[in-house]
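> Let me begin by handing over the structure; questions about it come next.
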Amino acid sequence: MRLLSSASSLKRQLAIATLVVLTLLGVLVAGGASLLFERIQARVMESRIEADAERVLAAVRRGPDALYLDQTRLDAAYSRPLSGQYFVIHFNDTKWRSRSLWDSELPAVGTADAFVRAPGPGGQQLLLTTKEFYRFGQRFSITVASDYGPLVKEFRRGLYTFTVLWVAALGAALLAMNLWLGRALRPLAEARRQVAEIQAGTRQSLDDDAPIELAPLIRQVNALLAETHHALSRSRQAMGNLGHALKTPLAVLYTLVDREEIRANSELRDALLLQLQQLSQRVGRELGQTQGAAASGTREPFVASRDLPAVIDALRRAHHRNLRVELVLKDDERWPLERVDLLEVMGNLLDNAWKWANSHIQVKMETEPDNWLIQVDDDGPGIADPAQRQRALQRGLRLDESVAGQGLGLAIVRDVVEAYHGKLTLGHSVLGGLSVCIRLPRQRGLAKSGDPG
Amino acid sequence: MRLLLVEDSVALADELLPRLRAEGYACDWLVDGRDARRAAFDENYDVVVLDLGLPGVNGLDILREWRDASLRLPVLVLTARNSWSERIEGLNAGADDYLGKPFHPDELVLRLRALIRRSHGSGAAPLLKVNGVVLDEARQCVEVNGRDASLTGGEFALLRYFMLHPGRVLSRWQLAEHLYDLESERNSNVIEVHISHLRDKLGKGIIETRRGQGYVFRGLTE
């Protein structure tokens with residue numbers, strides 16, 4: 001019952017259905033065949049024993065003084081004890097029995113010309129009939145019997161062979177069906193793989209050249225994806241607009257706080273600035289999250305040799321001092337990471353390094369077997385205490401720290417790194433300052449889906 | 001220094017303009033990008049502060065148009081769109097600097113100062129030093145022979161303009177063009193008064209008069 005009710009496996013359900021159908025079919029065929037066989041066998045036996053009765057009558061001869069039975073005209077089987085062929089002849093008050101009957105009797109047959117089945121000597125299964133004839137002016141009643149047991153045995157053997165073959169065929173059918181089904185379900189596995197790719201961000205929709213049974217489902221999934229994508233980008237856009245709309249009033253507030261009246265009251269000004277900074281950091285961070293490439297769906301690879309100098313150039317203009325920036329780019333292949341995201345990471349890391357460095361920044365980008373490695377070192381004061389380095393990465397502490405001028409501006413960087421399932425670590429640099437190290441797994445997305453098989 | 005502020009937020013412009021004027025900039029303010037597009041060609045601005053999210057037209061398109069027309073005017077982009085990719089897009093479009101909103105007004109002033117210095121080939125030192133004259137732009141005072149001399153707003157703006165164009169002959173018309181915004185009355189006598197005050201404070205030889213041509217900043221070395 002549990003097998004039948006289990007809806008979890010199509011294969012199992014189909015196997016059960018096949019098993020039930022083929023078994024029923026087998027039973028029906030076998031039953032029909034044996035019924036048919038019995039009827040044919042009965043006909044053949046009946047006409048045979050009728051003929052036997054006539055042949056027995058033909059063996060009754062008139063002798064010189066009385067009637068006698070001509071043994072030469074009788075089948076040899078009638079003389080062999082318990083041979084399975086028997087007769088009994090009644091006429092007048094005389095009763096002749098075949099020698100084969102030995103010391104047993106034939107069961108009585110009620111009416112003439114009827115066919116009766118009855119157990120015979122030695123467990124034989126007999127078909128009997130009684131015929132009445134007029135010969136030599138006398139009335140003869142001849143009962144003939146024949147053992148049909150061997151025939152039944154033969155049939156049973158045939159039926160057994162048939163059953164064995166049938167079960168073998170059943171097994172073969174199940175095996176073949178399993179293989180076929182495996183092949184037929186392959187598009188499902190393919191679809192699953194494509195869904196994983198969508199999740200990983202390397203694909204936008206499912207291929208719709210699937211079998212006709214699957215195609216409607218795939219079209220539906222694609223429609224759903226498109227709709228979700230649309231809704232998502234609309235809400236992101238709305239959020240982006242909100243964030244950007246907030247920035248100008250924030251800028252106004254910053255200039256208002258700078259007015260003489262407020263400058264005069266430094267306590268009020270500090271409190272206002274604190275709130276303003278928290279507000280603008282919050283807005284900036286949320287915008288960073290809605291505008292990352294993972295969110296916006298733009299696809300353009302980061303090319304370190306082209307994009308890093310642009311970032312450094314922007315920083316040279318923004319900061320009022322010039323630093324030596326050393327680029328160590330191994331394997332300057334196109335990194336399959338989004339340019340928008342990596343620009344955000346590199347921009348913020350370098351901006352941060354620029355604030356603290358004395359004169360020298362080193363940027364290292366290289367591929368490891370499993371990761372993309374980004375490392376930014378500076379020769380600034382760094383963070384000596386490992387516990388404090390740990391603290392700098394903790395959530396929630398960041399805002400307060402940055403207000404106090406200790407901020408690392410790493411919030412947006414950390415958001416991007418988290419979106420890529422990467423790791424951000426702070427360490428002591430060989431240059432003497434802080435070393436920020438980011439490792440982004442190369443198998444992005446697959447790790448997320450959990451089951452790479 | 002003539003400065004064009006292109007900003008559609010009235011509140012922000014209202015706050016920024018007095019601050020920028022106090023820094024010695026002669027400021028014009030435009031809200032509409034289409035007006036700004038023409039104004040950059042029609043007037044002699046020394047620097048533009050350009051918002052990108054303008055009604056009617058994208059600030060980046062205006063910037064590209066200016067650069068395509070070989071307008072080498074220094075432009076500082078002031079925008080809410082300040083992700084790094086947007087920042088680099090802005091710089092690639094021809095912006096000389098890029099400042100994201102919200103910003104601290106001091107930051108804008110510092111960036112403008114650095115931008116103007118850079119566009120005139122001067123270094124990024126905190127003080128502007130030309131031919132022995134040291135101008136402190138933050139305090140708006142000048143140092144001559146080891147002592148500070150205070151300057152009025154008009155004197156400061158004039159001296160800074162001279163110091164950013166050392167050795168060049170500047171006509172009275174040219175000076176007025178770069179020191180007064182569109183709304184001010186351009187009275188060249190005022191410039192003459194400022195020059196005579198500067199000569200009083202810094203010595204006669206600091207600004208040379210070229211009759212019929214204009215003035216040349218000489219400084220103290222000669």
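> Grab the other residues whose beta carbon is less than 9 angstrom from that of A:Gln125, score K and R as +1, D and E as -1, and report the net.
Details: positive: A:Arg117; negative: A:Asp147.
Once all neighbours under 9 Å are counted, the net charge is 0.
> Please report the relative contact order for chain A, taking Cα pairs under 8 Å with a sequence separation of at least 6, and give it as a percent rounded to a whole number.
Over chain A, the number comes to 9 percent.
> On a straight-distance basis, which lysines could pair with B:Lys204 in a cross-link, Cα separation under 25 angstrom, same-chain partners fewer than 8 positions away excluded?
B:Lys129
> If we count other beta carbons within 10 Å of each Cβ, what is the order of A:Tyr160, A:Tyr254, fewest first? If you can, show how the numbers build up before the last one.
Numbers: A:Tyr160 10, A:Tyr254 24.
In order of increasing Cβ crowding within 10 Å: A:Tyr160, A:Tyr254.
> What is the calculated FRET efficiency for A:Gln275 to B:Glu208, with r their C-beta to C-beta distance and R₀ = 51 Å, to the nearest 0.05?
0.40
> I want the local charge near B:Gln213. Using Cβ-Cβ distances under 15 Å, sum +1 for each Lys or Arg and -1 for each Asp or Glu among the other residues. Write down the numbers at each step before the final one.
Working: positive: B:Arg168, B:Arg172, B:Arg210, B:Arg211, B:Arg218; negative: B:Glu192, B:Glu208.
Once all neighbours under 15 Å are counted, the net charge is +3.
> How many Cβ atoms of partner chains, on average, are near each residue of B:3-10 if near means within 10 Å of its Cβ?
Across the residues of B:3-10, the mean count of other-chain Cβ atoms within 10 Å is 1.
> Hey, another quick one. Towards the positive end of the charge dipole of segment A:335-388, with charges on Cβ (+1 Lys, Arg; -1 Asp, Glu), say which of A:Val376, A:Leu342, A:Ala353 has the farthest Cα.
It is A:Ala353, whose Cα lies furthest towards the positive end.
> Cα-based count: Lys pairs in chain A below 30 Å, eight or more positions apart or different chains?
Lysine pairs satisfying the spacing and distance rule in chain A number 13.
> While we're here: Within 11 Å, Cβ to Cβ, of A:Arg62, how many net charges do the neighbouring residues add up to if Lys/Arg are +1 and Asp/Glu are -1?
In short, 0.
> Moving to a separate point now. Just tell me how shielded B:83-94 is by partners: mean number of partner chain Cβ atoms within 10 Å of each residue's Cβ, no decimals.
That works out to 6 on average.
> Give the shape of segment B:2-119 as rounded, prolate or oblate, defined through the alpha-carbon gyration tensor: a ≥ b ≥ c are the square roots of its eigenvalues, a/c under 1.5 means rounded, and otherwise the shape is prolate if a/b is larger than b/c and oblate if not.
Rounded, since a/c falls under 1.5.
> Which of rounded, prolate or oblate describes segment A:222-318 when judged by the alpha-carbon gyration tensor and an a/c cut-off of 1.5?
Oblate, since a/c reaches 1.5 and b/c is not below a/b.
> While we're on this one: Over the whole of A:343-349, what's the average partner chain Cβ count within 10 Å per residue? Rounded to a whole number, please.
Mean inter-chain Cβ contacts per residue within 10 Å come to 3.
> May I pose another question? Report, in whole Å, the centroid distance computed from the Cα atoms of segment A:27-41 and segment B:157-177.
122
> Taking the Cα centre of segment A:145-260 as origin and charging only Cβ (+1 Lys, Arg; -1 Asp, Glu), how large is the dipole, in debye to the nearest 20?
The dipole magnitude comes to about 200 debye.
> Among B:His197, A:Gly422, B:Gly24, whose Cα sits farthest toward the positive end of the charge dipole of the protein assembly as shown (+1 at Cβ of Lys/Arg, -1 at Cβ of Asp/Glu, about the Cα centre)?
Of B:His197, A:Gly422, B:Gly24, it is A:Gly422.
> Separate question: Could you work out how far the C-alpha centroid of segment A:74-143 sits from that of segment A:162-193, in angstrom?
59
> Taking amide H positions as placed 1.01 Å from N in the peptide plane, with prolines and chain starts having none, which residues 5 or more places from B:Val47, or on another chain, fall under 5 Å of its amide H?
It is B:Arg2, B:Leu4, by chain and number.
> Add -39500 (n - 2.57) for each DSSP H run of 4 or more in the protein assembly as shown, then divide by its residues: what number comes out at 222 nm, to the nearest 500 deg cm²/dmol?
-16500 deg cm²/dmol
> Still on this model: Given a cut-off of under 8 Å on Cα pairs at least six residues apart, what relative contact order in percent is computed for segment A:86-222?
15
> Mind listing the long-range amide H neighbours of B:Tyr98? Cut-off is under 5 Å, sequence gap 5 or more, other chains count too, H placed in the peptide plane at 1.01 Å from N.
B:Val77
> A further question on this structure: Between A:Leu217 and A:Glu38, what is the label-to-label distance in nm when each label sits 7 Å out along the Cα-to-Cβ direction?
Label-label distance for A:Leu217 and A:Glu38, simple model: 4.9 nm.
> Ok, one more. Can you give the FRET efficiency to the nearest 0.05 for A:Lys330 and B:Val216, using r as the Cβ-Cβ distance and R₀ = 45 Å? Don't skip to the end; give the middle numbers.
Values: r = 55 Å, r/R0 = 1.22.
The pair A:Lys330/B:Val216 has a calculated efficiency of 0.25.
> Something else: Relative to the present Cα-Cα distance, how much length would full extension add between A:Trp102 and A:Leu14 at 0.36 nm per residue of separation?
Details: separation 88, 0.36 × 88 = 31.68 nm, distance 6.10 nm.
Full extension from A:Trp102 to A:Leu14 adds 25.6 nm.
> While we're looking at this one, here's another question. Show me, for segment A:176-183, the HN-Hα J-couplings you get by feeding each phi into the Karplus relation (A = 6.51, B = -1.76, C = 1.60, θ = phi - 60°), rounded to Hz, glycine and proline as x.
4, 5, 4, 5, 4, 5, x, 5
> If you find the alpha carbon centre of segment B:56-72 and of segment B:1-49, how far apart are they in angstrom?
Each part's Cα centre sits 16 Å from the other's.
Readers should treat all values here as calculations from the given coordinates under stated rules, not as data from a laboratory. Remember, predicted model here, so these are calculated numbers, not experimental data. In this analysis, Cβ positions are derived from the backbone assuming ideal geometry, glycine residues included, and neighbour counts consider all displayed protein chains.
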